[in-house]
Amino acid sequence: MELCGVFVVWWHNFRLVERAAHMSSYLFAFFDTILHSFGYSNLAFLITAKVANEDVSQRHKKEIMEFGDSSPMLTPLATLALPNLYCFAGFLKEAINGKGIAQVYDTLTLQILLCGALILINLPLYQALYLRKDKGKIPATVAFKSMAFAVVACTCFKFSY
């Protein structure tokens, strides 16, 4: 495997797989600990069959990430990724309609660069939320829940300052 291929594999793992596992596992571990302390937790490990059809294998060959099933891990992942997109859209709105791009860029340079980098990292997630039409996209229920949570979080943050 050449160096570029190794970098591409690392980039895909960094972007979503490891990030999704860490964010969702900490969140679910927290809730499980709270529920366990009150005596309500009865989580169990179930082995499920992994069936790959032709559509899934074609997306895998094209290096397109698979999100098709409604997993509880997708909601916090999408919820944490969406405020970056909303903030970047707010920057563009302010630059176009407000003060002008030069003045906004002078005051928020680091924030814009960080937000842009996070958007690039989460690009497959945004594609699965908004652009994809195949069966590997994020289900609409998960997309609407995560958008609602992100809008509520952004609104609360905006009015708290």
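The values are calculated or read from the model by the stated rules, or taken from the named source; none is laboratory data. Model, not experiment: these values are computed from the prediction. Don't worry about glycine lacking a Cβ; one is built from the backbone with ideal geometry, like all the others, and counts go over all protein chains shown. Ligands, DNA and RNA are stripped out before the accessible areas are found, and what is left, the full protein with its side chains, is counted by its heavy atoms. Shrake-Rupley method; radii C 1.70, N 1.55, O 1.52, S 1.80 Å.
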Evaluate region 102-113: report whether one residue or more is open to solvent by 50 Å² or more (accessible area, probe 1.4 Å), touching a residue at least 24 places away in the same chain (Cβ under 8 Å), closer than 15 Å to Y86 by Cβ and not acidic (D, E). yes
Residue match in region 36-51 (condition: in a helix (DSSP H, G or I), open to solvent by less than 80 Å² (accessible area, probe 1.4 Å) and modelled with pLDDT under 85): no
Checked K137, K133 against criteria (in contact (Cβ under 8 Å) with a residue 60 or more places away in the chain and charged (D, E, K, R)); the one match is K137
Output the number of residues of region 118-130 satisfying the condition of being touching a residue at least 40 places away in the same chain (Cβ under 8 Å) and more than 20 Å from V56 (Cβ to Cβ). 4
Flag if F88 is within 21 Å of the chain's Cα centre (by Cα), surrounded by 12 or more Cβ atoms within 10 Å (Cβ to Cβ), under 19 Å from A128 (Cα atoms) and modelled with pLDDT of 75 or more: yes
Would you pick out the residues in region 122-136 that are under 15 Å from P83 (Cβ atoms), of a type outside the set (S, T, N, Q) and open to solvent by less than 20 Å² (accessible area, probe 1.4 Å)? L125, Y126
